[in-house]
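The values are calculated or read from the model by the stated rules, or taken from the named source; none is laboratory data. Every value quoted in this text rests on a predicted model; they were computed, and no experiment measured them. Counting neighbours? That spans all protein chains shown, and the Cβs are built from the backbone with ideal geometry, glycine included. Just the protein is used for accessible areas: all its heavy atoms, side chains included, with ligands, DNA and RNA removed. Shrake-Rupley method; radii C 1.70, N 1.55, O 1.52, S 1.80 Å.
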Amino acid sequence: GQLYGDVLYFATEGLAGWTHSDPRPLYFWVYFVGLNGIWVLVPGLLVLDAWHQLATAQRGHDRPRHKAH
């Protein structure tokens, strides 16, 4: 949900031609992109970690098992 909101936040501002953001480079890159980018980076890393753990668990589950006689 957080990633979806961030994509909408950046996309709507981009489609509006960045008219609602301060054009000064410090404000734009540090505050708008940098600080808001944290809200994209952290959930993105958590999604990648979850995907990795799920893929590892699935590989372990799919591994053929030897039956004991």
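Could you say whether any residue in the stretch 11-21 is loosely packed, with under 10 Cβ neighbours inside 10 Å and among the aliphatic types (A, V, I, L, M)? There is at least one residue in the stretch 11-21 that is loosely packed, with under 10 Cβ neighbours inside 10 Å and among the aliphatic types (A, V, I, L, M). Sub-9 Å Cβ pairs linking a first residue in the stretch 20-43 that is free of Cβ contacts under 8 Å to residues at least 60 places away in the same chain to a second residue that is open to solvent by 90 Å² or more (accessible area, probe 1.4 Å), at least 6 apart or interchain, are SER21/TYR31; ASP22/TYR31; PHE28/TRP18; PHE32/TRP18; ASN36/TYR9; TRP39/TYR9; VAL40/VAL7; PRO43/GLY1, ordered by first then second residue. Counting the residues of the stretch 11-31 that are assigned to a helix (DSSP H, G or I) and either out of contact with any helix residue (DSSP H, G or I) (no Cβ under 9 Å at 6 or more places or on another chain) or at pLDDT below 90 (or both) gives 11.
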